Amino acid sequence: MRIRCCVWLWVFILGAMCSAAQRGAEGTSSGEQFLGTWTGTWDGSGSGGFELTLEKGKDGSVNGRVSVTGEPTYKATFKALSFDGKTMSAKYDFPPDAGGEVVLAASFDGNTATGTWSLREKASDNEVAKGGWTVTRK
């Protein structure tokens, strides 16, 4: 009887530890491990510098913004941002043209990230231009 109780106690402890480890891994999918400033380049229909900044907002969620140089040059704040593990999806209004929206996708690997961008018309969701970008953590 005593051995059976010890076995069940260890099974319970092991289960609790596995559950806590899983919750810890799920918590990192919010993008918090990618907070900071990332710099690099973009290309496609042109090329230039690309800076991605990810910060923790007052509400605890991860917020972001970009600074783009080249033609065009602008700064924009994300209106949508989500993470699925090491994969990021984001959207922001295209400052040079109020009718445009940029959709970003990226995969993070350590201190680097590689992604794609797509400029779309808000009204029709038609793709106007697309390209890629790469950044490294500052």
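The values are calculated or read from the model by the stated rules, or taken from the named source; none is laboratory data. Keep in mind the model is a prediction, meaning the values are calculated, not measured. Areas reflect the complete protein model, heavy atoms only, side chains present, ligands, DNA and RNA absent. Shrake-Rupley method; radii C 1.70, N 1.55, O 1.52, S 1.80 Å.
Using a cut-off of 17 Å between alpha-carbon atoms, which aspartates and glutamates can reach K122, once sequence neighbours fewer than 8 places away in the same chain are excluded?
Straight-line reach from K122, under 17 Å: D93, D97, E101.
With every protein chain in place, what's the accessible area of K91 (1.4 Å probe, Å², nearest 10)?
My reading of the accessible area for K91 is about 80 Å².
Just subtract the alpha-carbon distance of K122 and D84 from 0.36 nm times their residue separation and send over the number in nm, one decimal. Don't jump to the answer; show the numbers that get you there.
Details: separation 38, 0.36 × 38 = 13.68 nm, distance 2.46 nm.
Contour length minus Cα-Cα distance gives 11.2 nm.
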